[in-house]
Every structure is written in structure tokens, then in C-alpha cells.
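Working notes, structure below.
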Amino acid sequence: MDKEMLEAFSNLFDDKLKPINDRLERIEKKLDGVVEQTAKLTEFRSEMLSKIDGIRDDLSTVELVTAKNYKDIVNLKAIK
């Protein structure tokens, strides 16, 4: 094959592959958006889990204080 024929084939392939390359570019852009959203959701999830752990700790403290208060009430009633 001569150089002109190879160049013609190359141009033909480029023309045929252009729609595929365009679609691939759009898919890559969409995937970038999905990756960004996933990162944001992962960060949000971590924050929520941290806050939930804090709430659990607070509830444990409330339970302990409540138990102590009940004990004090029982002791006060026993004094009467």
C-alpha cells in the first residue's frame, strides 16, 4: 500500500471512530460527576456516623445520671 492509501484509510477510521470517541468523552464527564458526588456522600456519611456516636455517648450519660437520680430518690424515701 502506498502512503496515500494509508492516509485515506486513517482518515476513514478517524471519521468512523469520531462518534464513539465523542460518546466516550461524555461518559467520562458523567463518571467524573458520579465520583465527585460519591466523595461528597462518603464525607456526609462519615459526619453523620460521628454525630450518631456522639448522641449515643450522650444517651449513655443520661442513662447513668438517671440511674443515680433513682438511687438518690430511693435513699431519700428510705430516710423518711
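The values are calculated or read from the model by the stated rules, or taken from the named source; none is laboratory data. This structure is a prediction, so every number in the text was calculated from the model and none was measured. Don't worry about glycine lacking a Cβ; one is built from the backbone with ideal geometry, like all the others, and counts go over all protein chains shown. Quick note on the areas: whole protein, heavy atoms, side chains included, nothing else; ligands and nucleic acids left out. Shrake-Rupley method; radii C 1.70, N 1.55, O 1.52, S 1.80 Å.
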Next on the checklist: Given the options T42, S60, L76, identify the residue whose Cα lies farthest towards the positive end of the charge dipole of the chain (+1 on Cβ of Lys, Arg; -1 on Cβ of Asp, Glu).
Outcome noted: L76
Item to check | Given charges at beta-carbon only (K, R positive; D, E negative), |dipole| of the chain in Debye | outcome: 1020
Checklist entry - Ignoring ligands, DNA and RNA, what accessible area per residue does the chain give at 1.4 Å, in Å²? => result 99
Checklist outcome for this item: With R₀ set to 41 angstrom, the calculated FRET efficiency between the beta-carbons of S10 and K40, to the nearest 0.05, is 0.45
Checklist entry - For the chain, what % of the accessible area comes from carbon and sulfur atoms, probe 1.4 Å? => result 61
Checklist entry - Near N11, within a Cβ-to-Cβ distance under 13 Å, what is the net charge of the other residues, with Lys and Arg +1 and Asp and Glu -1? => result -1
Item to check | Rounded to whole Hz, the Karplus (6.51, -1.76, 1.60) HN-Hα couplings of the range 40-53, x for glycine and proline | outcome: 5, 5, 5, 5, 4, 4, 4, 4, 5, 4, 5, 5, 5, 4
Checklist entry - Distance in nm between label sites at K29 and V62, each 7 Å beyond Cα in the beta-carbon direction? => result 5.0
Checklist outcome for this item: Once Lys and Arg are counted +1 and Asp and Glu -1 for all other residues with Cβ under 14 Å from that of V74, the total becomes +3
Item to check | Compactness relative to 2.2 N^0.38 Å, alpha carbon Rg of the chain | outcome: 2.93
